[in-house]
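Right, one structure below, let's go through it.
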Number of protein chains: 2
Amino acid sequence: MTQTVDEKFELGVPNGDDRERRICQTCGFVDYRNPRIVAGSVVTKDDQILLCKRAIEPRKGFWTLPAGYMELGETIEEAAQREAREEACATIEIDRMLATYSIPRIGQVQVMFRARLASDFKAGPESLDVQLFDWKDIPWSELAFPTVVWALTHFAETRGQADFVPFGNPANTDKVTR
Amino acid sequence: MTQTVDEKFELGVPNGDDRERRICQTCGFVDYRNPRIVAGSVVTKDDQILLCKRAIEPRKGFWTLPAGYMELGETIEEAAQREAREEACATIEIDRMLATYSIPRIGQVQVMFRARLASDFKAGPESLDVQLFDWKDIPWSELAFPTVVWALTHFAETRGQADFVPFGNPANTDKVTR
Ligand SMILES: [Zn+2]
Ligand SMILES: [Zn+2]
């Protein structure tokens, strides 16, 4: 498919709106950008935790939890399951919500679940490697994003608990999220 | 500001992507549409619940909880607080997350909080009226959206509980959400 790209966005306040939006000067399209939802999960088998080594930027070569942008037409849980399938070729059973993190600086809300591995796994196209780690072997210095550290730490607090109140952003993380 | 509108979207798969997106045939802009987050709250004063009568479509004239689309640059909690301010001129103190509902049919994730009224209130520009209701006086047949019914019902289950696991979509609501 051939695609002409002649978009030219400038900031302006659309009629009937009360804040600035990106408006295309070529065609008039108003780009209402809203925060995006990342759905992911801490997936365990017995006491081991599934991590994926990123094959793509940002943070290529670093380890992360299976997670990614929610798409139209799915629930948050389905998005988390799809990401585990795409990144780790894994089927997961979602237990419950672990945490919801807001990162205004990059316009993200990350919803992380606690889940069980229900299949084999292997690296998908966005991963260089996928492995199960004992807690003591987690490569803390090679984790891709602060929220991966948060989710793993919060997960550890819920071990042995069937029910718990989901976590939010850890205290004093505003310099990371704002 | 004068705004030419010559946008003309057609479905196509952008280079490097794996699903159809709306692509503007005038300027080439790819409209990556993701689910949008609605943040809202069940706001109480003593045992009464704050409801707003909608001044705008859809469902003008029906009662709703203060809630609306999260914007860039804010946390979910800040979005819920802003909506209470805009729709009910009210300051609220958020207690904790009450529920997260996914409505794939309309591409929404609704995050509802339990909150306390911490100020006076009055109708904002998007409301015809704002009132505190005793539980027995809630206008069930005049509520704007199914998720308002869900959030109120779930809220009632948490009365007297400091901690609880947030709710998801009620069982057997797929015909509403899909
Ligand atoms: Zn354009
Ligand atoms: Zn265009």
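The values are calculated or read from the model by the stated rules, or taken from the named source; none is laboratory data. All values derive from a computational prediction rather than experimental measurement. Reconstructed Cβ throughout: ideal geometry from the backbone, glycine too, with neighbour counts over all protein chains shown. With ligands, DNA and RNA removed, areas are computed over all heavy atoms of the protein, side chains included. Shrake-Rupley method; radii C 1.70, N 1.55, O 1.52, S 1.80 Å.
So the values come out like this:
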item: Centre separation in Å (Cα based) which lies between the range B:1-48 and the range A:61-82; result: 19
item: The range A:89-148-the range B:94-146 distance, computed between alpha-carbon centres (Å); result: 33
item: Teacher prompt: B:Gly160 distances to equivalent labels in other copies, 7 Å Cα→Cβ, nm; result: 3.0
item: Per-residue SASA entry for B:Arg59, accessible area with 1.4 Å probe, Å² rounded to 10; result: 90
item: Reach of B:Lys8 by Cα under 20 Å, taken over aspartates and glutamates that are not fewer than 8 positions away in the same chain; result: A:Asp6, A:Glu7, A:Glu10, A:Asp31, B:Glu20, B:Asp31
item: Antiparallel bridges, percent of DSSP beta bridges restricted to the protein assembly as shown (to nearest 5); result: 70
item: Residue-averaged [θ]222 nm for chain B, counting only DSSP H segments that reach four residues, each worth -39500 (n - 2.57); result: -4500 deg cm²/dmol
item: DSSP bridge orientation in chain A - percent antiparallel, rounded to nearest 5; result: 70
item: Dipole of the range B:32-178, positive end: most advanced residue of B:Ile49, B:Ala67, B:Asn34 [Cβ charges, Cα centre]; result: B:Asn34
item: Between 0 and 90°, nearest 10: helix B:146-157 axis offset from chain B longest Cα axis; result: 40
item: Cα gyration tensor, the range A:116-155 - rounded (a/c under 1.5), prolate or oblate; result: prolate
item: Order of exposure, largest accessible area first, which applies to B:Phe29, A:Phe62 with probe 1.4 Å; result: A:Phe62, B:Phe29
item: In the range A:73-135, the trypsin sites (Lys or Arg not before Pro) that fall in loop regions by DSSP, at most 13 other Cβ within 10 Å; result: A:Lys122
item: About the Cα centre, charge dipole magnitude for the protein assembly as shown (Lys/Arg +1, Asp/Glu -1 at Cβ), debye; result: 0
item: A from B by rotation - nearest chain B beta carbon to the axis, in Å; result: B:Cys27, 2
item: Label spacing, shortest first and in nm, from A:Arg116 to its equivalents in the remaining copies (7 angstrom along Cα→Cβ); result: 4.0
item: Whether the protein assembly as shown is rounded, prolate or oblate, judged on the alpha carbon gyration tensor where a/c under 1.5 counts as rounded; result: oblate
item: Accessible area, probe 1.4 Å, largest first, for residues B:Val13, B:Val38; result: B:Val13, B:Val38
item: Accessible area (Å², 1.4 Å probe, nearest 10) - B:Tyr69; result: 80
item: Accessible-area ranking of A:Val109, A:Val165, largest first, probe 1.4 Å; result: A:Val165, A:Val109
item: Radius 15 Å from Cβ of B:Asp134, net charge of other residues (Lys, Arg +1; Asp, Glu -1); result: 0
item: With Cα atoms, 0 to 90° folded angle of helix A:76-88 axis to chain A main axis; result: 70
item: Copy-to-copy label separations for A:Asp31, where each label sits 7 Å from Cα toward Cβ, in nm and ascending; result: 1.4
item: Global geometry of the range B:36-161, whether rounded, prolate or oblate, following the gyration tensor of its Cα atoms and the 1.5 cut on a/c; result: rounded
item: Straight-distance crosslink candidates among lysines, where the alpha carbon sits under 25 Å from A:Lys122 and sequence neighbours closer than 8 are dropped; result: A:Lys45, A:Lys53, A:Lys60, A:Lys136
item: Nearest-10 value in Å² for the accessible area of A:Asp137, using the 1.4 Å probe; result: 80
item: Point-charge dipole on Cβ atoms (K/R +1, D/E -1) for chain B, about Cα centre, debye to 20; result: 400
